[in-house]
Amino acid sequence: MELVDYMNNVKILQFGTLMIKGCIMPIPKIPTYNGDIIGYGRAEDICISNSVAGKDFLINWIELAPDLYIADRNLINNISWDSLNEAGLVFGNKRLLIDGEYYALRLPSGSDGKPGKYGRGCHNEWDQMMDLCHEDNNLAHWYFMYNWCKEDHFEEYRNHVVRGSYPAREIIGFSSNFRDFNIGWRPVLQRL
């Protein structure tokens, strides 16, 4: 784990490497639906492994709290919430050993969309990240990409919360089996 930067009181660490079907994948430089993000729909093939040398392969993590890290961008798009859930990537069921440390891998919390439960000062991880980063897209890479969150949307059956795209604190729900190039997977690691 390497401290990459400490910008505007935001601690950014760099560690871990994205793997798909056992192959090392580069981290997207332009993590938007029309950028260089990887579209891949089979979550069971996705893993985060030990750090591989080279800045193109190391994931940047924003430290939300001690031992709690959220990727600074979506790593994969065109993937459904159902696929992520079936692979154990939604609620922390997947356990990983990365660079000698054990982590639970999951989606960020993002609220259920009820009024007063999201926005500045709210205690879900998406809004905490936006508060910490002052909604700076250069730090949190939220522009033109929705991010799956773990909660159900309160208004619609089988819809799950997505956050971001425009504005940074946008909150809507999509069907759990929906896939699109403007919705992605932004992992959270919690050290065990």
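The values are calculated or read from the model by the stated rules, or taken from the named source; none is laboratory data. These figures come from a predicted structure and were not determined experimentally. A quick note on method: Cβ atoms are made from the backbone with ideal geometry, for glycine too, and the neighbour counts reach across all protein chains shown.
Of all residues in segment 145-169, exactly one satisfies the criterion of being surrounded by fewer than 21 Cβ atoms within 10 Å (Cβ to Cβ), under 23 Å from Gly35 (Cβ atoms) and in contact with a strand residue (DSSP E or B) (Cβ under 6 Å, 6 or more places away or on another chain), namely Ser165.
Only a single criterion out of (1) more than 22 Å from Arg191 (Cα to Cα); (2) surrounded by 21 or more Cβ atoms within 10 Å (Cβ to Cβ); (3) charged (D, E, K, R) is not satisfied by Arg73, namely (1). Restricting segment 76-98 to residues that are free of Cβ contacts under 8 Å to residues at least 60 places away in the same chain and part of a loop (DSSP other than H, G, I, E, B), the residue that is surrounded by the most Cβ atoms within 10 Å (Cβ to Cβ) is Ala87. For segment 162-192, residues that are in a loop (DSSP other than H, G, I, E, B) and of a type in the set (A, V, I, L, M) total 2. Taking every residue in segment 99-110 that is within 12 Å of Leu68 (Cβ to Cβ) and pairing it with any residue that is among the aromatic types (Phe, Trp, Tyr) and surrounded by fewer than 16 Cβ atoms within 10 Å (Cβ to Cβ), at least 6 positions away or on another chain, the pairs with Cβ-Cβ distances below 9 Å are Ala104/Phe91; Arg106/Phe91.
I need the full set of residues from segment 33-56 which are crowded, with 17+ Cβ neighbours inside 10 Å and either over 14 Å from Ile79 (Cα atoms) or without any contact (Cβ under 8 Å) to a residue 60 or more places away in the chain (or both), in order please.
Once the filter is applied, which keeps residues that are crowded, with 17+ Cβ neighbours inside 10 Å and either over 14 Å from Ile79 (Cα atoms) or without any contact (Cβ under 8 Å) to a residue 60 or more places away in the chain (or both), segment 33-56 yields Ile38, Tyr40, Cys47, Ile48, Ser51.
Within segment 76-133, being touching a Ser or Thr at 6+ places or on another chain (Cβ under 6 Å), closer than 26 Å to Asp36 by Cα and of a type in the set (Asp, Glu) holds for Asp82, Glu125. What's the number of the condition Arg158 fails, among (1) at negative phi; (2) at pLDDT below 95; (3) not hydrophobic (A, V, I, L, M, F, W, C)? So Arg158 meets the others, but not (1).
Restricting Leu64, Leu13 to those that are among the aliphatic types (A, V, I, L, M) and either modelled with pLDDT under 95 or not in a strand (DSSP E or B) (or both) reduces the list to Leu13.
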